[in-house]
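Engineer: One structure, pasted below without further comment.
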Amino acid sequence: MGQEAESPPAMSAQDGRALRNLLGHYPTGVCAITTLGTDRMPVAMIVGTFTSVSLDPPLVGFLPARSSSTWPVLRQSGRFCVNILSADQSTLCRQLSGKGMDRFAGVSWRPSPLGDPVLDGVVAWIHCRLEAISEAGDHDFVLGRVQAMAVESGGAPLVFHRGTLGRVA
Ligand SMILES: Cc1cc2nc3c(=O)[nH]c(=O)nc-3n(C[C@H](O)[C@H](O)[C@H](O)COP(=O)(O)O)c2cc1C
């Protein structure tokens, strides 16, 4: 019988950096959640936490940090558009997740049927009415009811894995 490899020690869930690092091994897609503010200016927030929830009724969700400065604008709007970014939109992703800058500078978009920004070149978009919000630790879980949607390019999506933006090989 061969010698068994020693398994690495289990880590403590209280170690936030270790938990973040471990979760980074799980790949996610990347979406820009958009809406218009009360001043009718476009806002966007990049999330890796977008998920499908239910087909009947049609529900999707995402988790904004409670510390986010964009989440209150989305919440006030009561509706949002999920833009699924394409593999060649990593620069756009960095711009839309930057702090203290005009995130929409040079960004082309058109309004969805319900008025929120659909960004040029995305894989697909899903327009939602905000259905429910649940507290989830230092994040909120936002449930959206799908109102309209379309596949745009239908191409390869942008993927986030271990701190790097890339595409599925
Ligand atoms: C790939 C990627 C995924 C992200 N996922 C989330 C997320 O799911 N929830 C979140 O609150 N912030 C997420 N962020 C951070 C936000 O995009 C944003 O930088 C942060 O919320 C600060 O901006 P804000 O104050 O406008 O929200 C992500 C950033 C990147 C680059």
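Engineer: Filter the stretch 17-54 down to residues that are β-branched (Val, Ile, Thr) and part of a loop (DSSP other than H, G, I, E, B) and give me whichever is nearest to Gly144 (Cα to Cα).
Structural biologist: Checked the stretch 17-54; the qualifying residue nearest to Gly144 (Cα to Cα) is Thr49.
Engineer: Pro57: free of Cβ contacts under 8 Å to residues at least 60 places away in the same chain, away from the ligand (no atom under 16 Å from the Cβ) and not in a strand (DSSP E or B), yes or no?
Structural biologist: Details: free of Cβ contacts under 8 Å to residues at least 60 places away in the same chain: no; away from the ligand (no atom under 16 Å from the Cβ): yes; not in a strand (DSSP E or B): yes.
Taking the combined requirement at face value, the residue does not satisfy it.
Each row is one residue, and each column tells you yes or no for (1) in contact with a Lys or Arg (Cβ under 9 Å, 6 or more places away or on another chain); (2) under 16 Å from Gly29 (Cβ atoms); (3) at pLDDT 95 or above.
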site	(1), (2), (3)
Arg79	yes, no, yes
Leu85	no, yes, yes
Leu92	no, yes, yes
Leu96	yes, yes, yes
Gly106	no, no, yes
Gly121	no, yes, yes
Arg129	yes, no, yes
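Engineer: Could you list, in sequence order, the residues of the stretch 17-32 that are under 18 Å from Ala124 (Cα atoms) and out of contact with any Pro (no Cβ under 8 Å at 6 or more places or on another chain)? Explain how you work it out, then say what you get.
Structural biologist: To start, the set of residues in the stretch 17-32 that are under 18 Å from Ala124 (Cα atoms) comprises 28-32.
Across the stretch 17-32, the qualifying residues are Thr28, Cys31, Ala32.
Engineer: Looking only at the stretch 89-119, count how many residues are part of a loop (DSSP other than H, G, I, E, B), within 13 Å of the ligand (Cβ to nearest atom) and farther than 14 Å from Ala44 by Cα. Full working, then the answer.
Structural biologist: Of the stretch 89-119, the ones part of a loop (DSSP other than H, G, I, E, B) are 89, 97-108, 112-116.
Next cut, within 13 Å of the ligand (Cβ to nearest atom) only: 89, 97-104.
Now narrow it down to the ones that are farther than 14 Å from Ala44 by Cα: 89.
Number satisfying all stated conditions: 1.
Engineer: Answer yes if at least one residue in the stretch 139-159 is acidic (Asp, Glu), assigned to a strand (DSSP E or B) and in contact (Cβ under 8 Å) with a residue 12 or more places away in the chain, and no otherwise.
Structural biologist: Going through the stretch 139-159, the residues acidic (Asp, Glu) turn out to be 140, 152.
Filter once more, so that each one left must be assigned to a strand (DSSP E or B): 140.
Applying the additional criterion that residues be in contact (Cβ under 8 Å) with a residue 12 or more places away in the chain yields 140.
Among the residues of the stretch 139-159, at least one is acidic (Asp, Glu), assigned to a strand (DSSP E or B) and in contact (Cβ under 8 Å) with a residue 12 or more places away in the chain, which makes the answer yes.
Engineer: Applying the selection to the stretch 77-93, what residues are farther than 18 Å from Val146 by Cα and surrounded by fewer than 21 Cβ atoms within 10 Å (Cβ to Cβ)?
Structural biologist: Ala87, Asp88, Ser90, Thr91, Cys93
Engineer: Here's a check for you: in the stretch 60-88, which residue that is of a type in the set (Val, Ile, Thr) and without any contact (Cβ under 8 Å) to a residue 40 or more places away in the chain is nearest to the ligand (Cβ to nearest atom)? Give the derivation first.
Structural biologist: Narrowing the stretch 60-88 to residues of a type in the set (Val, Ile, Thr): 60, 70, 73, 82, 84.
Remaining after also requiring without any contact (Cβ under 8 Å) to a residue 40 or more places away in the chain: 70, 73.
Working: Thr70: 3, Val73: 9 Å.
That would be Thr70.
Engineer: Tell me which residues, restricted to the stretch 120-136, are part of a strand (DSSP E or B), under 14 Å from the mean Cα position of the chain (by Cα) and among the hydrophobic types (A, V, I, L, M, F, W, C).
Structural biologist: Step one: filter the stretch 120-136 for residues part of a strand (DSSP E or B), giving 124-136.
Narrowing the set further to residues that are under 14 Å from the mean Cα position of the chain (by Cα) leaves 124-128.
Listed by number, the residues that qualify are Ala124, Trp125, Ile126, Cys128.
The values are calculated or read from the model by the stated rules, or taken from the named source; none is laboratory data. Note that the coordinates shown come from a computational prediction; the quantities given were computed from them, not determined experimentally. FYI the Cβ positions are ideal-geometry reconstructions off the backbone, even for glycines, and counts take in every protein chain you see.
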